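Presented below is the structure to which this report refers.
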Amino acid sequence: AQSVTQLGSHVSVSEGALVLLRCNYSSSVPPYLFWYVQYPNQGLQLLLKYTSAATLVKGINGFEAEFKKSETSFHLTKPSAHMSDAAEYFCAVSGPSGTYKYIFGTGTRLKVLA
Amino acid sequence: EPEVTQTPSHQVTQMGQEVILRCVPISNHLYFYWYRQILGQKVEFLVSFYNNEISEKSEIFDDQFSVERPDGSNFTLKIRSTKLEDSAMYFCASSDDNSNQPQHFGDGTRLSIL
């Protein structure tokens, strides 16, 4: 069965520092991959998606993620953290065929230190 | 930008009572989903719905749960006889494609069972 692993339930970075949030999936066939952000008391907002086109995907708010098939990874990065990036981030996988439900990782709470 | 809206934002119900959670998906979307997130845990898939029928459901979605699209705009989740363990945040999502298009999420309904 498909699964998603997010290493690090909590990550703290200084404002202006690199953000790296890790996501690994388990599938022999590359699935569709997504990153969502959840701010307090809000729903899940799409940051970016990978759907078998370019392996480096750019999203909103300066985030990007690189799909690496050899490592079954889809890590999320941002060159310079901003205070407003503090939130919970979820990696999700669906497909690649037959099922389009999302399987979510356990989430990573990002804290940005002034 | 079109949004998925969910009502109520918070529902408090006595154990054993029926509860209906309501969602208005994005108007041109055809695929609808319910997920739940128990406090401190990951977001879990409950059910997907297309063409007026369930297309997939999880083990969580037992006989106590049902979904309905009673008109052209609403999508509801009913829990017939609530249990304490049904306390969670319930998210509705919709998409215009069931493959690589992302799902759009509402802000959720926090269900508290007493």
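The values are calculated or read from the model by the stated rules, or taken from the named source; none is laboratory data. Just so it is clear, the model here is predicted, and its values are computed rather than measured. Heads up, the Cβs are rebuilt from the backbone with ideal geometry, glycines too, and the neighbour counts pull from every protein chain shown. Ligands, DNA and RNA are excluded from the accessible area calculation, which covers all protein heavy atoms including side chains. Shrake-Rupley method; radii C 1.70, N 1.55, O 1.52, S 1.80 Å.
What the table shows:
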quantity	calculated
For the range B:56-62, Karplus couplings with θ = phi - 60° (6.51, -1.76, 1.60), whole Hz, Gly/Pro x	7, 9, 9, 5, 5, 7, 8
Under 14 Å, Cβ to Cβ, from B:Phe65 - net charge with Lys/Arg +1 and Asp/Glu -1	-4
Net charge contributed by nearby residues that have their C-beta within less than 10 Å of A:Gly43 (K/R +1, D/E -1)	-2
Antiparallel DSSP beta bridges within the range B:8-114, as percent of all bridges there, nearest 5	90
Shielding of A:39-49 by partner chains, average beta-carbon count, 10 Å	4
Pairwise FRET efficiency - A:Tyr39 versus A:Glu71, Cβ, R0 = 25 Å, nearest 0.05	0.30
5 angstrom amide H check on B:Ser87, placed H, neighbours 5+ away	B:Ile113
Percent RCO, i.e. relative contact order, over chain B, from Cα pairs under 8 Å lying at least 6 residues apart	39
Average accessible surface area per residue within chain B, 1.4 Å rolling probe, Å²	51
Buried solvent-accessible surface, both chains (B, A), 1.4 Å probe, Å² to nearest 100	1700
Residues whose placed amide H lies under 5 Å from that of B:Leu46, excluding near-sequence neighbours	B:Trp34, B:Tyr35, B:Arg36
Net charge, B:Leu111 excluded, C-beta distance under 15 Å - Lys, Arg +1, Asp, Glu -1	+1
B:Glu53, A:Glu88, reordered so the largest accessible area comes first (probe 1.4 Å)	B:Glu53, A:Glu88
Exposure of A:Lys78 as accessible area (Å², to 10), given a probe of 1.4 Å and all protein chains	20
